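Okay, structure first, notes after.
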Amino acid sequence: MNDFPWLSLLIALPLVGALAVALLPTAREKLAKQVALAFSLAVTVLALVMAARFDTGGDRFQFTETHWWIKEFGVHWALGADGVALTLIVLSVILVPLVVLASWTDADRSGGVDGTPPKRSVKTYFALLLALEAMMIGVFAATDVFLFYVFFEAMLVPVYFIIGSYGGPQRSYAAVKFLLYSLLGGLLMLVSVIWLYPLSAKPPAEGGLGHGTFLFEELRGLHVDPTTAKWLFLGFFIAFAIKAPMVPVHTWLPDAAAQSPAGSLVLVVGVLDKVGTYGMLRFCLELFPGAAKWATPVVLALAVVSIIYGAVLAIGQVDLKRLVAYTSVSHFGFIVLGIFAMTTAGQSGAALYMVNHGFSTGALFLVVGFMIVRRRSARISDFGGVQKVAPVLAGTFLIAGLSGLSLPGLSPFVSEFMVLTGTFGRYRVPAAIAAVGIVLAAIYILWTYQRTMGGPAVESVRAMPDLSAREKLVVAPIIAIIVAMGFFPQPVLDVINPSVKQTLARVDRQDPAPKINVAENGARP
Amino acid sequence: MTASTLLAQGADIPAPHIEYDQLGPTLLVFGAALVGVLVEAFAGRAARFGAQVTLTALGLVGALGWTIWLAADSKPHHVAAEGAIGVDGPTLFLQGTILILAILSLMLIAERRNAHFTAQASALPGTEAEQETTAAGIVQTEVFPLMLFAVGGMLMFPASNDLLTMFVALEVMSLPLYLLCGLARRRRLLSQEAAVKYFLLGAFSSAFFLYGTALLYGYAGSVRLGDIAAQLDKDAGSETLLLAGVALLSVGLLFKLGAVPFHMWKPDVYQGAPTPITALMASCTLVAAFGAMLRVYYVGLEHLKWDWRPAMWGVAILTMVAGAIIAITQTDLKRMLAYSSIAHAGFLLTGVIATSTDGLSSTLFYLVAYGFTTIGAFAVITMVRDTGGEAAHLSRWAGLGKRSPVVAGAFAFFLLAFAGIPLTSGFTGKFAVFKAAVEAGATPLVVVGVLSSAIAAFFYVRVIVVMFFSEPEADGPTVVAAPVTAAAVALGLAATVVLGVLPQPVLDLAGHAATQMFVR
C-alpha cells in the first residue's frame, strides 16, 4: 500500500463531491446538504486512516507521489506530507464536516446570514465549500513550489464566491478586498517562483541544480547568492504575511470576517490563513535560510506589533466577528514569533499553535455564528445576559473563549507556552512584550463574555433558544479536541517535531544553551 | 523596340520559382475569397448566404488541413517564393493558430439568429432606404469574402520575409477590416465612426511602416530581413538610417498590436465594430501582428537588440500599466476588453523582449491561449441582448449570474483566465512569457507585469461582482443562446480549461515550432 495515492485521492474526493452537489437539481436543497456532508465525512475518514499510517520515525515526507505535470516548465504533480502538513490536513478535514453541519441553514432561502436573503442557490454554497476543501488539502500537500502556488491562488476563487454571494450587506466590498489583497501578494510570490526556475537551471558549479525544477526537496539544495535570496524571500514573505495576516497588511481580514458567513469563516481564518504561516515555515525558512535570518529582526518586530495591536483593536471592537478576527491577528503574531525565533520549542510550538488556533478560533466563530443567527445582529451591545436563557451556548462560548486566552488545560496554552519559552531562549525582549498579549487576551475575551453573556437577560434575547442538537453536535467534537490536546499534546508534537528539526537544520540554528547568568554575554548566541 | 526583341529579352528573364505547396494555405484562402466575390456577383440572393458560409468554412478548414500537413512534414524549412515568404516552424504554428481562431470567429459571424451586420452598408443610417432593406430581410453576405481576404493577409503577414511583402500583407489584411468595422447593424453611426478612425490611423501607421522600410533599404540596400541582418553583422552602412528606419517600422508594427502610445484606435474600434469582427480582430489580427513583430525583431534586428530593447522595455511597461489602469474606468464591456487586450499586448511584448527560443515559444503559446479566451468572451457578449441589440454596458449585466448562471459562469471563467488565475490558460501563458523574460534578465519588467496584472484583476473582478453579487434589474437583458455562438463559447471554454490544466501538448508544439526559429 506504499504507492497508494492517498493525497491525490484526498484532493479528488472533495472535488468529486463538489461536482456531484453542483449537478443536483436546484430544488433538492436537503439532498445537496446531505451529499455534501457525506462526502466531507468520507474525506475525514480517509484522512484519518492515512494519518494513522504516518510513521513518526520514518522519512520526512510520506505518502509521496511525483508525476510530471508540465514538463516544459519543470513542474511536477508532487504531493507529500510531513508532520506539519499532516496535522494541518487533519485540521482541515475535521473542520469541514463540522462547518457543513454548522452552515446547514445559513444558505437557506429563509435563513440568510444577518437577515439578508441569500443570493444564490443552497447547493452552490456547499459545492464551493467542498471545492475549497480540495484546494486546502492540496496546498498543504504540495511539495512542488509551482503546484503550491496553483493551489494557493485557486483557493481564492471559492472563498471569493462564498463571501461575495452569501455574506452580509457589504459582502461584495469585502470579497473584492479579500481577493485583491491575496492576489497582489500571490503575484509577488509568482515572481519569486518564476525566478527559482532559471536559478535551479544553472549548472551546479554556479549554485544551481543543472536542471530547472520546482520540486521542494531539490530546491532545498539550491545555493542562491545572498542578494537574490533576499528578493526571493521578500516575494514569498509578503504573500504569506498578507495571508497570515500580519500588521500592516491585515486590514482585509476584519472586513472579510464581518461580511463572511460564520461557517465558512471558520475555514478562512482557521485553515486558509494558516497557509501563510505554514508557507513561512516551509518555504521562506527552508529555501532561503540566509535571507530569513537577515529578515528576522524586522519580522519579529512585526510579529510583536501584530500581537499587541491585534489584541488592543480586538478590545475596541463592537462587532463580534470583527473582534474574533482581530484576536486572530494577535494569535498569528504569536505563530510568526515562534517560527522566526528559530528554536525547537518555538517552531514546534508555532506548528502546534496553527492546529490549536484552528480549533479554538473555529469554535469561537461557530458559537458567534450561532449567536448571530439567533439575534440577527453581530453587535456586542445587542446581547446581554444570554447565560440566563441559553446556558449551553454561553458555556461553549466561555470554553472557546478561554482556550483563546490560553487557559492551562486547554490546548492553546501548550503551544503559546512553547512559543514564548522558545522565543525567550533567544530573543528576550520580544518574548517579554509578547507575553503582555496574554493579559490583553484575558481582557478581550472575559470582557466580551461579561457584556454578552453575563448580567440580567436583556429584552431582545429573552426568547433566544439554546443550542439545538445539530449545533451541539457541531461544537462537541471541537471542545473535546481542545480539552484532549490541552492534556495530551505529545502525540501531535511527536508528529510535528521531526519536520521542525529538519527546518532548523536547514537554517543552521541550534537551540541556545540555557543560561542562568544572562548579564555576561547577552542573550544572543 | 520591336516585339521580337522584347520576346527575346523576355526569354532571358527567369520565371520566378514559386513553391506552391508551401504557399498553399494562403493561396487557398485567397482563392476562396475570389470565388466568394464571384458568388456575390452571380448567385441569387436566396442561395448566397448558404453558399458563402460553406465556401468560407471549406476554405479555412482546407487551409488548416494543408498547414497541418506542412507542419507534419519534417523536412528542413527554407525560404519560398524567391525569398519573399518564409514558411518555417513558427510561421506554420502562427498560421494554424490564425486559421483555427478564424474558424471560431466565422461561427460568430455566420450566426443568423442574432444578426450582427447591417443589411446594406450603403444605406444611410436613419433613412428610408435603411428601413426598406431591413424590412426586406436582406442578409449581408459580403462579409464572408471580406473576411477571407483579411485572413489571407493575416496568414501572409507573419510569413513575409521581406519588408515590402510584409507591407502588402499588412494592407491586404487591414483594408477589409476597415470595411468590416463599419458594418454593424445597430448603433451604425458609432460603427462607421470606428471604421473611419481605424482607417485614418491605420493608413497613417502604414505610411510609417513604408517610410521605415525605405530608410532600411537605404541602410542595407535590400528589404530582405536576412540581408538587413547581414548588413548589421558587417557593422556597415549609415547608423542614422538604420535607427530611424527601425523606429518608424516599429511604429507601424506596434500600432497593429495596439501598444501604448499607439493604442488610441483600439477602444473605439473594438466598441464600434460588430462584435464578431471585434473577436476576429482581437484574436487573429493580434496573432498575425505579433507574428510579424517576432519575425522582424528575431530575424532582421536580432543583433541590434541592445539598441531596440530599452525602447521596447519602455513600450512594454507603458502598455501593461496604461492598459490596466485605464481599463478600470471603463463601463462598456467591449471597451473594457479592448483595454484588457492592450494590457495583454504588453505582457506579450515581454516575451518578444526575451529574444530567445523560450521567448518565441512562450509568445506563441500565449497567443493561442489568449485567442481562444478572447473569442469566447466576445461570443458571450453577443449573446446578452436587449431590445437595442447587445447590452454591452456593464450596469446592464447586473445579476446575470442569477438569470443565466451558465452564461455568466462562462464569462466569469474567461475573466479569471484574463486575470491569470491558475488552472486557466491565461496563467500558463503568463507564466511562460514571464519565465522567458526572467531567464533573459528582464526581472524588473516581470515585476511591473505582475503588478499590472494585480491592477487588471480589479476590473475583471468588478465584472464578476456585477454579474453575481448584485440584484438583477427588472428589465434586464435576455440571453439569446444561439446554437452556433454557444458552440463557439463552448470551444473557447474547453480550450481555456485544457490549456490551463494540461498545457503540455500545446507547449510541446510551440516549443518544437520555436526550436528551428525563423528561416532567413
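The values are calculated or read from the model by the stated rules, or taken from the named source; none is laboratory data. What you see is a predicted model, and the numbers here were worked out from it, not measured in a lab. Methodologically, a virtual Cβ is constructed for each residue, glycine included, from the backbone with ideal geometry; neighbour enumeration extends over all protein chains shown.
Descriptive notes on the structure:
- With a requirement of 1 or more residues that are at pLDDT 90 or above and under 22 Å from B:Leu451 (Cβ atoms), the helices (runs of 4 or more DSSP H) lying completely within the stretch A:235-292 that satisfy it span A:252-259, A:274-279.
- Residue in the stretch A:179-200 that is more than 8 Å from chain B (Cβ to nearest Cβ) and not in a helix (DSSP H, G or I) present: no
- Qualifying residue in the stretch A:393-414 (condition: touching a residue at least 40 places away in the same chain (Cβ under 8 Å), farther than 30 Å from A:Leu504 by Cα and of a type in the set (Val, Ile, Thr)): yes
- Residue among B:Ile464, B:Ile455 that is buried (at least 23 other Cβ atoms within 10 Å of the Cβ), more than 22 Å from the chain's Cα centre (by Cα) and within 11 Å of chain A (Cβ to nearest Cβ): B:Ile464
- Among residues of the stretch B:414-428, those that are facing chain A (nearest Cβ under 10 Å), part of a helix (DSSP H, G or I) and either within 17 Å of B:Arg462 (Cβ to Cβ) or among the acidic types (Asp, Glu) (or both), counted: 2
- Among residues of the stretch A:70-85 being part of a strand (DSSP E or B) and touching an Asp or Glu at 6+ places or on another chain (Cβ under 8 Å), the one that is farthest from the other protein chains (Cβ to nearest Cβ) is A:Gly80.
- When A:Val157, A:Val139 are checked against the criterion of being of a type in the set (Val, Ile, Thr), in the same structural domain as A:Pro14 (by TED's automatic domain parsing) and crowded, with 24+ Cβ neighbours inside 10 Å, a single residue qualifies: A:Val139.
- Selection from the stretch A:210-221 of residues that are in contact (Cβ under 8 Å) with a residue 12 or more places away in the chain, surrounded by fewer than 19 Cβ atoms within 10 Å (Cβ to Cβ) and part of a loop (DSSP other than H, G, I, E, B): A:His211, A:Arg220, A:Gly221
- Residue count for the stretch A:263-303 satisfying the condition of being among the β-branched types (Val, Ile, Thr) and over 17 Å from A:Ala134 (Cα atoms): 4.
- Any pair with Cβ under 8 angstrom, 6 or more apart, that starts in the stretch B:84-95 at a residue that is touching a residue at least 40 places away in the same chain (Cβ under 8 Å) and ends at one that is basic (Lys, Arg): B:Gly86/B:Arg295; B:Gly86/B:Arg520; B:Pro90/B:Arg295; B:Thr91/B:Arg295
- Failed item in (1) surrounded by 19 or more Cβ atoms within 10 Å (Cβ to Cβ); (2) of a type in the set (A, V, I, L, M); (3) modelled with pLDDT of 90 or more, with B:Val37 passing the rest: (1)
- Unmet criterion (only one of (1) in contact (Cβ under 8 Å) with a residue 24 or more places away in the chain; (2) part of a helix (DSSP H, G or I)) for B:Thr240: (1)
- Across the stretch A:150-178, the qualifying residues are those that are in a loop (DSSP other than H, G, I, E, B) and modelled with pLDDT under 90, and the one among them that is nearest to the other protein chains (Cβ to nearest Cβ) is A:Gly167.
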